[in-house]
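The values are calculated or read from the model by the stated rules, or taken from the named source; none is laboratory data. Please read all numbers here as calculations on a predicted model, not as lab measurements. Quick reminder, even Gly has a Cβ in these numbers, built from the backbone with ideal geometry, and neighbours come from all protein chains shown.
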Ligand SMILES: Cc1cc2nc3c(=O)[nH]c(=O)nc-3n(C[C@H](O)[C@H](O)[C@H](O)COP(=O)(O)OP(=O)(O)OC[C@H]3O[C@@H](n4cnc5c(N)ncnc54)[C@H](O)[C@@H]3O)c2cc1C
Ligand code: SF4
């Protein structure tokens, strides 16, 4: 999978070029990021502005959308899906998810409800991605 | 706004009945209502609507539908709200056992027992099934610990069970890639993903974010040739394959593990389609359809993974918009579109959906390529339309919109859909010129 790896090629002059795959959308544009003295000077290979921003961001401060589940008490299933309210620094993903491991949430739950704040010292909150009715109010079929 | 609502009373006649309440069924219900149908029934065998999205807790949904990146459950929630706002009868915990050729839908549920409803139009939106071990013929024993990636996803994300502690993933489909990351986050060891083909079958972003980020190795042109263990999986034997995909057994090696997840693709759930004797497309595994997604049996429509395997829920919703609206049209006795142009897969195209187009409609042609082309590529729909794109890969479905203006002069013809490198297309054009 060489083409997806982040490879560095040292230019004969003074700039480095790093290769990234834009994950901004399923198109997956192959980006090249030119860096001089640690500063991004040019991004190439994108098909839209989002890709240009992504290339610079991925080089300087890579972040990821993070989803996981926590225990749900009094719901129709045992797990409640949750996500980080904003992109998480790549290096903090594991610690953020692991801090949520034992967490239990009781029904009812609203979509977007805050489940935990400032998780693993990232300053990022975690929110619910589904709603859960209180059990007694679950509509009865028939 | 409640996210689940169960119908308390079932009519014996509906204008449109929709089987399956995943993104396809939900969108079809909304569209049928907008098109003027008043009595709409949406049935699902699960306890809640949402389909596979309930277990797809990751983001990557909604970029087309909402111009926003949301998770599967959030995507489902928005569509469920739209459905409930429109006074559709939603019957959950209800299994559709049979649809007859005169459009009677037979269903079974704890609340209604066995009952049937008459309907003016039916949308089949029952989704897909995962390919299993038998279908890919792995030899070896039959110990516990071998399961499809989607089943593991359901166990982990809905019920909180882990499938094992040391996992090998066979196949690089998106579900397998997503599950590799999911299991790592849950503290499970993921020993590698093994793909028979020389390229990953999942999306590039999933390779980066689910494997590379966590240092999970992806072994291309490599496959699992044997699974060992009596009660439980103990180890697998893997081997690289040659160009003809034959395992090079002299280079095989063993990996101790307790679980094998299969991520080797989905196939449309064809149960009701087969019962109805619909014409099926061998390439997609789903029904043959018109550009409004009507099958060979008038009044029966198909959308979403029931029609062909989609990589984006957004495409599913768009397809189902068309199918739901057309089902309402048929139920209300409106005139059908002409369906006077045929489309068929050509060079480097695995399949094309739909199978006919209308010169009096604007419609979407969806297709998948056989082999990836990295670099300028020409997509061609007969002589009617060409588009240049940067790359095509089998993991990503391609869609092209075609309207009356473009199709006008092709009534009665068959258009071949091709995906070829731009350079080759130029050569072909040049050769064509020479002949004239
Ligand atoms: C792991 C995974 C990851 C994905 N990732 C993404 C992503 O990042 N972005 C994206 O846009 N898309 C993604 N997709 C694709 C998208 O989720 C699917 O294409 C879409 O959900 C298919 O919708 P559907 O309505 O056709 O089928 P489903 O969602 O499968 O719904 C079918 C429904 O029909 C019901 N049903 C079946 N048979 C019967 C019957 N006989 N009677 C009653 N009910 C019945 C089932 O219970 C189910 O609820 C992913 C899919 C998977 C599996
Ligand atoms: S550059 Fe734009 S079009 Fe290309 S992958 Fe990134 S977001 Fe998609």
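Quick look at the numbers
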read-out	value
Members of the stretch A:60-82 found to be in contact with a helix residue (DSSP H, G or I) (Cβ under 8 Å, 6 or more places away or on another chain), at the interface with chain B (Cβ under 8 Å from one of its Cβ atoms) and part of a strand (DSSP E or B), listed by number	A:64, A:68, A:69, A:79, A:81
Where residue B:301 falls short, out of the listed (1) under 30 Å from residue A:30 (Cβ atoms); (2) touching a helix residue (DSSP H, G or I) at 6+ places or on another chain (Cβ under 9 Å); (3) assigned to a strand (DSSP E or B)	(1)
Residue B:26 near ligand 1 (Cβ under 10 Å from one of its atoms), within 22 Å of residue A:83 (Cβ to Cβ) and surrounded by fewer than 18 Cβ atoms within 10 Å (Cβ to Cβ)	no
Inter-residue pairs, beta-carbon under 9 Å, first on the phi > 0 side of the Ramachandran plot and in a helix (DSSP H, G or I) and in the stretch B:180-205, second modelled with pLDDT under 95 and within 14 Å of ligand 1 (Cβ to nearest atom), 6+ apart	none
Test: residue in the stretch A:124-134 that is more than 23 Å from the chain's Cα centre (by Cα), over 23 Å from residue B:72 (Cβ atoms) and more than 16 Å from ligand 2 (Cβ to nearest atom)	yes
Selection count, the stretch B:187-207, where residues are within 8 Å of chain A (Cβ to nearest Cβ) and surrounded by fewer than 22 Cβ atoms within 10 Å (Cβ to Cβ)	2
Strands (runs of 3 or more DSSP E) contained entirely in the stretch B:384-427, each with at least 3 residues that are in contact (Cβ under 8 Å) with a residue 40 or more places away in the chain	B:414-421
Test for residue B:275: is it in the same structural domain as residue B:98 (by TED's automatic domain parsing) and surrounded by fewer than 24 Cβ atoms within 10 Å (Cβ to Cβ)	yes
Qualifying position, being crowded, with 24+ Cβ neighbours inside 10 Å and under 28 Å from residue B:176 (Cβ atoms), among B:65, B:76, B:94	B:76
Strands (runs of 3 or more DSSP E) (entirely within the stretch B:58-108) containing at least 2 residues that are more than 12 Å from every other protein chain (Cβ to nearest Cβ)	B:95-99
Options B:37, B:21, B:32; residue that is more than 8 Å from chain A (Cβ to nearest Cβ), buried (at least 17 other Cβ atoms within 10 Å of the Cβ), more than 9 Å from ligand 1 (Cβ to nearest atom) and assigned to a loop (DSSP other than H, G, I, E, B)	B:37
Given (1) under 24 Å from the mean Cα position of the chain (by Cα); (2) modelled with pLDDT of 95 or more; (3) on the phi > 0 side of the Ramachandran plot, number of the condition residue B:62 does not satisfy	(2)
Residue check for residue B:321: within 14 Å of chain A (Cβ to nearest Cβ) and either more than 16 Å from ligand 2 (Cβ to nearest atom) or modelled with pLDDT under 95 (or both)	no
Residues of the stretch B:212-222 that turn out to be more than 8 Å from chain A (Cβ to nearest Cβ) and either touching a strand residue (DSSP E or B) at 6+ places or on another chain (Cβ under 6 Å) or assigned to a loop (DSSP other than H, G, I, E, B) (or both), as a count	6
Flag for residue B:177 being buried (at least 24 other Cβ atoms within 10 Å of the Cβ), under 26 Å from the mean Cα position of the chain (by Cα), within 14 Å of chain A (Cβ to nearest Cβ) and at pLDDT 95 or above	yes
In the stretch B:139-158, the residues that are within 16 Å of ligand 1 (Cβ to nearest atom) and out of contact with any helix residue (DSSP H, G or I) (no Cβ under 9 Å at 6 or more places or on another chain)	B:151, B:155
